[in-house]
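Readers should treat all values here as calculations from the given coordinates under stated rules, not as data from a laboratory. All values reported here derive from a predicted model rather than from experimental measurement. In this analysis, Cβ positions are derived from the backbone assuming ideal geometry, glycine residues included, and neighbour counts consider all displayed protein chains.
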Amino acid sequence: MGQNIVEKIIAAHKVSGEMTVGSDVALKIDQTLTQDATGTMAYLQFEAMGLDKVKTERSVSYVDHNMLQAGFENADDHRYLQSVAAKFGIYFSRPGNGICHQVHLERFGVPGKTLLGSDSHTPTNGGLGMLAMGAGGLDVAVAMGGGSFHIIMPKVLHVSLEGRLQPWVTAKDIILEVLRRLSVKGGVGRIVEYGGPGVATLSVPERATVTNMGAELGATTSIFPSDEKTKAFLKLQKREADWSELTADPDATYDEEITIDLTKLEPMIAMPHSPDNVVTVREIAGKKVDQVCVGSCTNSSLHDLMVTAAILRGKAVNPGLSMTVTPGSKQVFAAISANGALTDIIMSGARIIESACGPCIGMGQAPPSGATTIRSFNRNFIGRSGTKDAQVYLASPETCAACALTGKITDPRDLGKMPKFELPTEIAIDDSGILPPAEDGAKVEIVRGPNIQPLPQQKPLTDTVFGDILLKVGDNITTDHIMPAGAHILPLRSNIPAISKFVFYRMDSTFADRAQEKGGGIVVGGENYGQGSSREHAALAPMYLGVKAVISKSFARIHRDNLINFGILPLTFKDPADLDKLNDGDRLVLEKAGEKIRAGEDLTVKNETQGTTFTVTYAFTPRQKEILFAGGLLNYTKSKQA
């Protein structure tokens, strides 16, 4: 029987385990990436392992998140990251060189390789034919040290693309349609593999837009074949030697399949406050718009900015709104400068932002109070923009540009004929913004600023787990809810005592104080708890506050893994209706928790406040149990090394 693309890569990288759905599979990781919001902690964890050099084929440290330097914290972190990279054999992408996923696609991604990144949008490089997965920083640190990355073998969902996109309809509309059909939970336990004749009509940057937002499905990752379009992209990057063909066998099978007729797609838009709240643009056309932003790791490629410039050329942004445009990399910035597209953008009245994540993570450009903002980004969770009552919509650069010109939500097809533009066949390659590691890392001194604090340590799992319910939440709680981003909080990523004060801050500003007063406790919630970013701080900071367990109806993959990595029990209600019976402040006791987990038995939870009991369950692999009993992945890894 033939293999699909996912099976081929996993088979080539499998260290242990079986390729059967639900089995624990250990994978060799070829490449890693970190960014500065997660990287500082990942490298502190790598240092704690006592290794002298990374053991991957290529590891890259990017600076693209914490770019606002209103205080010393971000600049200090950047110096730390640069010195660590030089010392341990890691390439360092300097501030201004670009957004990690865009730069990695351009300069480092290789078809058929595995990539693990401490950012949930690492699957962007699946557009190049990589098995690229997001994970917590500690998992990435272990991979840099030569350790395997463990996944629960997912189902492979085949999305067959038929036909060809019509004018004004884009790759962004493809993934919005997938989200409309499957929801933000639809990819959990799955890898999405794209195929069908429509694939050949999409360039690598277009494919990368689709795989980037596969993270919003909750999928392990998404992937496209490596074909002639892939070869052309790598040739443009003067990396043709990195190309190899990678396609599914003709008789490959899949666990699930859906078909999308590209010819019938039309411009789509995700409404507040979830990427799966998708309708056609025409359904809500006419609503006044206050801000438009083009960019982010989803839509900041040369293709995206060239089409934006073509639409804006000779026209003016509506005076009733503000528009920003972000080139995804220095390479993109230089290219649009050389071909005149930058002038078209500037003359329209749009504002150019440096090559960084910026407004996508609430790092500047917060919209006005109650504003409607249309963004070519990947997430529109409430408060993520920096303005809690803003109404954030997600759409293609084409739709964004149309809205910018008219001042209202506009189907771009209403602008008339699609303007012509030509992508360059040659671009300047300048890797001066990527610093190679030192030849002799032993001579490099690591630079640490005062905001870089020691790692907090978790104690081994105790036999009895108890605590008050500190917070009861609903469905689809994101890591932005748990550990917010933004210009005020992100600079504290290397200081866990300081950043822990903001856990659940936007939902309950008293959470951190109450948790510390009570000596920790338990959080309970609904479906898909922890969706969104890979930020391990959403587990690490609660661990610091003493959170011992999270009981929910279901978990997002990365966050569940992060909870285990930091010794917090992720448990699920055996009867989901039991959540409704719980109240904030109830005292819960899990007697003989350690003993029962070792034996693989369900746990009985006593609600001492109400005098009732309920049952919770779990699906820990033997390795995950060992991690929990050791008090987290770092303790487990160090014990294995010893």
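Listed values, structure above:
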read-out: Where only C-alpha atoms are counted, convex hull volume of the stretch 400-462 per residue in Å³; value: 390
read-out: For the stretch 268-415, fraction of C-alpha pairs farther apart than 20 Å, in %; value: 39
read-out: Charge tally in the Cβ shell below 11 Å around Ala37, where Lys, Arg are +1 and Asp, Glu are -1, Ala37 excluded; value: -3
read-out: Under the Debye formula (equal points on every Cα, no solvent term), log10 I(q)/I(0) of the stretch 1-156 at q = 0.19, 0.20 Å⁻¹; value: -1.12, -1.22
read-out: Rg/Rg_globular for the chain, with Rg_globular taken as 2.2 N^0.38 Å and Rg from C-alpha atoms; value: 0.92
read-out: Relative contact order (percent, whole number), the chain, Cα cutoff 8 Å, 6+ residue spacing; value: 14
read-out: Percent of beta bridges antiparallel (DSSP, the chain, rounded to nearest 5); value: 35
read-out: Partners for Lys231 among aspartates and glutamates (Cα-Cα distance below 15 Å; same-chain residues under 8 apart left out); value: Glu106, Glu206, Glu240, Asp242, Glu245, Glu426
read-out: Proximal lysines to Lys287, defined as alpha-carbon separation beneath 17 angstrom and excluding residues fewer than eight positions away on the same chain; value: Lys408
read-out: When each of Lys185/Lys625; Lys472/Lys596; Lys235/Lys443; Lys185/Lys548; Lys155/Lys417; Lys87/Lys388 is checked by Cα-Cα distance, pairs over 30 Å; value: Lys235/Lys443; Lys155/Lys417; Lys87/Lys388
read-out: DSSP-defined beta bridges in the stretch 512-640 - what % are antiparallel, rounded to 5; value: 55
read-out: Lys581 paired with Thr253, simple spin-label distance in nm, labels 7 Å along Cα-to-beta-carbon; value: 4.2
read-out: Kirkwood Rh, angstrom, the stretch 5-264 [1 / mean 1/r, Cα pairs]; value: 18.6
read-out: Hydrodynamic radius by Kirkwood, which averages 1/r over all alpha carbon pairs of the stretch 414-542, in angstrom; value: 19.0
read-out: Net charge of neighbours whose Cβ lies under 13 Å from the Cβ of Thr263, counting Lys and Arg as +1 and Asp and Glu as -1; value: -3
read-out: Helix 72-88 vs. the chain, principal-axis angle (Cα, 0 to 90°, nearest 10); value: 90
